[in-house]
Amino acid sequence: MEFNQANHSSVSGRSDIEFWFPPPPGVMKLNVDAGCFKDDTVGWGMVVRDHRGVVEFAVSKPERRQLSPTLTEALALRWCL
């Protein structure tokens with residue numbers, strides 16, 4: 001439930017608006033994210049979903065490093081691809 005709530009956002013109190021759009025049938029969609037934390041840790045992760053929104057693969061990786069947010073996002077993309 002917590003995962004699903006994190007993947008749905010609301011605008012002006014409406015919770016029925018989804019910001020994830022499915023790919024065409026037969027295509028997988030890769031979503032990537034990264035974060036920097038106060039304890040000099042960064043983390044990145046990805047979720048791969050099919051055209052129905054079914055999660056086919058998901059993984060995350062924390063790493064003890066101090067990086068800028070921009071570099072963290074770039075490294076997340078490289079790691080996930």
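Quick rundown of the values:
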read-out: Matching residues, region 19-38, being in contact (Cβ under 8 Å) with a residue 24 or more places away in the chain and more than 17 Å from Leu67 (Cα to Cα); value: Trp20, Pro22, Pro23, Pro24, Pro25, Gly26, Val27, Met28, Leu30, Val32
read-out: Qualifying positions in region 60-81 - assigned to a loop (DSSP other than H, G, I, E, B), hydrophobic (A, V, I, L, M, F, W, C) and at pLDDT 90 or above; value: Leu67
read-out: Identity of the residue in region 1-42, among the aliphatic types (A, V, I, L, M) and at pLDDT 85 or above, that ends up farthest from Ala76 (Cα to Cα); value: Val27
read-out: Count - residues of region 43-59 that are under 12 Å from Ala76 (Cβ atoms) and in a loop (DSSP other than H, G, I, E, B); value: 0
read-out: Count of region 39-61 residues which are touching a residue at least 12 places away in the same chain (Cβ under 8 Å), more than 20 Å from Pro24 (Cβ to Cβ) and loosely packed, with under 13 Cβ neighbours inside 10 Å; value: 3
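The values are calculated or read from the model by the stated rules, or taken from the named source; none is laboratory data. Given the structure is predicted, the values throughout are model-derived calculations rather than measurements. A quick note on method: Cβ atoms are made from the backbone with ideal geometry, for glycine too, and the neighbour counts reach across all protein chains shown.
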